[in-house]
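Notes for the one structure printed next.
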Amino acid sequence: MNQNLQNISNLIEQSEALSAGQKKSITDWIKEVDKAITITEFKLDRTEKVKKTTAILLEETIQELELKRKAVEESRAALQRSLEELKATQAQLIQSEKMASLGELTAGIAHEIQNPLNFVNNFSEVSNELIDEMTEQLEKGNTEDAKAIANEVKMSLEKINHHGKRADGIVKSMLQHSRTNNNKKELTDINALADEYLRLAYHGMRAKDKGFNAAMKTDFDDGVGLIKIISQDIGRVILNLITNAFYAVMEKKKLQSAEGGYEPTVTVSTKKFSNKIEIKVKDNGTGIPQKALDKIFQPFFTTKPTGQGTGLGLSLSYDIVTKGHGGELKVETKDGEYTEFSIILPV
């Protein structure tokens, strides 16, 4: 019993002024009070222990949350670094693909421009020989023969001029198509663009493989006229599709070399509709397997052997056509028979 209540109980027992019944009632009441005090003290003690336990748990929870917060911050920083590295890698890969495209273009230009330069060199040598011969005839007094030789020299010079202009035209055309235009759309002759890149892609393949050969067919709609595009970008798309087509027919020719009778053919065509124009690149090559068809526009996906493709050509082409020009890039194929890509641009 509580000491104070015990003292009061003792005093009550010793009192002569109270009857035995009164003493009993008071003593019972004191016991009830003592019991209530004991229960209250127990509850208070338990509450204090709970408070201490809660405080400890709360402190531990705060420490744990702080550790998790730091871990999240570190993870976020690591993810941010990874994202920046991925963006940098993606930019490098895209640049690599553009440089590969530029390499194809440069090889085509070099190979195509070599033909008129060869003519210029050959006719220059012939002209030198003719002039020497003409000089000799003049010294002998054979003016008629000298005049005849002079006419031959003139014809040679005309041919030199013709092929020189051809080389100049190739260079000017490429400068027109590849100059930096800050992504501004300009009126462009689609037929001329497609025809130029068809020949450049062909000469690019010939520059890499002297034994390469394929038939080139065109079917251009004269009604297409001029349309507003970023010619450098659409030119890159056309070059990529045609280069892929030449690769497909070359691979099929290797597979059917023993059988014979196969004629590699790449066809480029254009068609104008009421609100759009369509550029098609078709080959009679290996086709695309059905299992690969759903993935061909995905970045880094390629059906070419390792080291022969980045897997970004069609992905970049798809973005140029769809995002850069609001158009569509579609494909139709049959494994082992043909592939046809369609560039659809709004006008």
* Structure fact -> Ranked by GNM mean-square fluctuation in the chain (Cα springs under 10 Å), the top entry among Ile279, Ile26, Ile113 is Ile26
* Structure fact -> Whole-Hz Karplus couplings 3J(HN,Hα) for region 78-84, θ = phi - 60° and coefficients 6.51, -1.76, 1.60, Gly and Pro as x, run 5, 5, 5, 5, 4, 4, 5
* **Average Cα contact separation per residue, the chain, under 8 Å, 6 or more apart, as relative contact order %** => 13 percent
* Structure fact -> Other residues with Cβ under 14 Å from the Cβ of Thr61 give, with Lys and Arg +1 and Asp and Glu -1, a net charge of -2
* For q = 0.12, 0.17, 0.20, 0.24 Å⁻¹, what log10 I(q)/I(0) does region 34-83 give under the Debye formula with an equal point scatterer on each alpha carbon and no solvent? -> -0.50, -0.66, -0.74, -0.83
* In straight Cα distance, which aspartates and glutamates are under 14 Å from Lys31, not counting same-chain residues fewer than 8 positions off? -> Glu13
* Structure fact -> Over the chain, with neighbouring protein chains present, the accessible area per residue in Å² at probe 1.4 Å is 63 Å²
* Asked: For the pair Ile8 and Lys35, how long in nm is the line joining their label points, each one 7 Å along Cα→Cβ?
  -> 1.6 nm
* Structure fact -> Scoring only Lys, Arg, Asp and Glu (+1, +1, -1, -1) among other residues with Cβ under 9 Å from the Cβ of Glu340 yields +1
* Asked: Stretch Glu328-Ile131 to full length: gain in nm at 0.36 nm per residue minus the Cα-Cα span?
  -> 65.0 nm
* Structure fact -> Simple SL model, points at 7 angstrom along Cα→Cβ for Arg166 and Thr54; separation in nm is 9.6 nm
* Scan the chain and hand back the longest stretch that contains none of the trypsin sites (Lys or Arg not before Pro) lying in DSSP loops with at most 11 other Cβ atoms within 10 Å. => 1-178
* **Violating pairs (Cα-Cα greater than 24 angstrom) within the set Lys272/Lys330; Lys208/Lys271; Lys185/Lys271; Lys87/Lys280; Lys208/Lys253; Lys271/Lys330** => Lys208/Lys271; Lys87/Lys280
* What's the local net charge at Gly223, with K and R +1, D and E -1, over the other residues with C-beta under 11 Å away? -> 0
* Structure fact -> Between Lys184 and Leu83, Cβ-based FRET efficiency (R0 25 Å, step 0.05) works out to 0.25
* Let me know the Kirkwood hydrodynamic radius for region 1-82, please, with Cα pairs as the basis and the value in Å to one decimal. => 17.7 Å
* At 0.36 nm per residue, minus the direct Cα-Cα distance, what do Glu152 and Asn213 gain on full extension? Give it in nm, one decimal, please. => 18.5 nm
* Structure fact -> Evaluated at 20 °C and 1.002 mPa s, the Stokes-Einstein D of region 194-256 based on the Kirkwood radius over Cα pairs, in µm²/s, stands at 165 µm²/s
* J(HN,Hα) series, region 27-34, from Karplus relation 6.51 cos²θ - 1.76 cosθ + 1.60, nearest Hz, glycine and proline x -> 5, 4, 5, 4, 5, 4, 5, 4
* Structure fact -> If exposed means chymotrypsin sites (Phe, Trp or Tyr not before Pro) lying in a DSSP loop and surrounded by at most 14 other beta carbons within 10 Å, then the longest stretch of the chain lacking such sites spans residues 1-261
* **Placed amide H near Ile230: partners under 5 Å, 5+ positions off or other chain** => Glu186
* List, in order, the whole-Hz ³J(HN,Hα) value for each residue of region 205-210 obtained from phi through the Karplus relation with A = 6.51, B = -1.76, C = 1.60 and θ = phi - 60°; use x for Gly and Pro. => 5, 5, 5, 7, 9, 4
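The values are calculated or read from the model by the stated rules, or taken from the named source; none is laboratory data. Just so it is clear, the structure is predicted and the values come from calculations on it, not from any experiment. Using ideal geometry, Cβ is built from the backbone for each residue, glycine included, and neighbour counts are taken over all protein chains shown. SASA here: full protein model, heavy atoms, side chains in, ligands and nucleic acids out. Shrake-Rupley method; radii C 1.70, N 1.55, O 1.52, S 1.80 Å.
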